[in-house]
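Please treat every number below as a calculation from the coordinates, not as lab data. The structure presented is a predicted model; accordingly, all values stated were derived computationally and were not measured. Don't worry about glycine lacking a Cβ; one is built from the backbone with ideal geometry, like all the others, and counts go over all protein chains shown.
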Amino acid sequence: MPDISPDPVSVDQHLARILAATTPLRPVDHPIMDALGLAAAASVSSTVDLPPFDNSAMDGYAVRHADVVTATAEHPVHLPVVGEIGAGNAQLRVLPPGTAAKIMTGAPVPEGADAVVPYEWTDRGAVQVRLDQSPSLGQHIRRAGGDVTRGDLLIEEGTVLGPRHLGLLASVGRAAVSVRPRPRVVIVSTGSELRDPGTPLGHDSIYDGNSYLLAASARRAGAIAYRVGIVPDEPKAFLDALHDQLGRADVVVTSGGVSMGDYDVVKEALAPLGSVWFGPVAMQPGKPQGFGAVGDDAVPIFTLPGNPVSSYISFELFVKPALRVMMGMEPATRPQTSARLTHAVTSPAGKRQFLRGDYDPTDRSVSPVGGPGSHLVGDLAAANALIVVPEDTTSAPAGTQVGVVLLDTGAGGEF
């Protein structure tokens, strides 16, 4: 039986339905450079010490502290130089008593040496060196395990891996890491009136901006996005396109064809399956929504309204949280902040309204951008926030503190 609800559900109810049906993707091992922006699927502990050996923090001379403890500019100590130790080229393993060895930064300190005298405190002699100052015991030596000790927890499960995490993993010898992979999101725009950008328009056609808007939003969320060619308002054409794409989809997102019109192809094609819910959500814009699963593998599908503002806001509210759950990222939803309204706004009773806004962090104020129309994509591009007006509020004068969702505060694992 078709699952079509005539009664509106709340934004929170619809989101809860989606999150209850969403699970993290199975972990995979990725080379560390491919793991940037992904969440660790398991905690990582070090199997080595870092540094792995005592090494010099300075260019200078490795010495035995007892041999140079009396060195001053007035009474320098002279020692024979018995070798040179370079990073990655350390032939001298043991320093005999009463000698010094040239040593480069990062090179291993030979056995017996317990301090390094910087070049600046010497005459930089090659056969014999004059030492004009004594280091303290252990000075200028980086001890093995001084940074990381074998067994130390490096990364906790769920950590979104950034450049510093990857640098740490490489430094302890990890070439790969277990992560939640990027979901593969297939974007389908429906509408016989749609044309690809760069092609001529007819008197009754428009350019397909939605698939670019949604694909870019999916990429910003950290997913892999696949745009499908425009699908006309024909149920068979839609189902053929859908089934062609399911093999490479972890998620399908459609735009258009879910309202109450005669040519709402998505609802007409999917409702008979009984696995996709369609109904109104008490919000503006974005009232007509659909969510469920399709295909033998029960691929999640989001059927979003066709107006661009409605489609974008629906993605932010419902699709992006699901993608974050699939990627093992927390929190699933964007946090709200509060801001002072610069101009009065009105809102329909019983609906949660999401108005485009321009948020100013200097004084924590927000100004409405454009009108409430769900087709006003120019105003959407000019906005950097959504003003959230609750269901029980029909008007808010200037100066009111309102909830604000910031839209441009990060990418991938960040918000």
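Numbers at a glance
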item	result
Top of GLU111, GLU234, GLU268 by mean-square fluctuation, Gaussian network on the chain, Cα under 10 Å	GLU111
Mean separation of Cα contacts under 8 Å (6+ apart) over length of the chain, as relative contact order %	17
Extension reserve of the GLU330-HIS75 stretch, reckoned as 0.36 nm per residue once the Cα distance is removed	85.5 nm
Volume per residue of the C-alpha convex hull in segment 240-279, rounded to whole Å³	87
Gain in span if fully extended, GLU391 to ARG143, counting 0.36 nm per residue against the direct Cα distance	83.1 nm
Quotient of C-alpha Rg and 2.2 N^0.38 Å, computed over segment 55-142	0.92
Lysines with Cα under 18 Å of LYS267, excluding same-chain neighbours fewer than 8 positions away	LYS236, LYS287
Listed residue (ALA398, GLN284, ALA71) projecting farthest to the positive dipole end of the chain, Cβ model	ALA71
Estimated FRET transfer efficiency (THR47, SER275; beta-carbon r; R0 35 Å; 0.05)	0.15
Quotient of C-alpha Rg and 2.2 N^0.38 Å, computed over the chain	1.45
Shape box of segment 336-406 [Cα atoms, principal axes, largest first, Å]	32, 26, 19
Förster radius 41 Å - calculated FRET efficiency between ALA126 and ALA21, Cβ distance, rounded to 0.05	0.05
Set of segment 248-289 residues, backbone N closer than 19 Å to the point 7 Å along the Cα-Cβ line of SER10	279-289
Cβ-defined net charge surrounding GLN133, 15 Å radius [Lys, Arg +1; Asp, Glu -1]	-3
Using alpha carbons only: equivalent-ellipsoid semi-axes of segment 199-314, gyration tensor based, whole Å	19, 17, 16
Fully extended contour minus Cα-Cα distance, from SER338 to ALA176, at 0.36 nm per residue	54.2 nm
Positive dipole terminus of the chain, leading residue within GLY146, PRO308, PRO183 (C-beta point charges)	GLY146
Calculated FRET value between GLU157 and ASP360, using beta carbons and R₀ = 30 Å, to 0.05	0.20
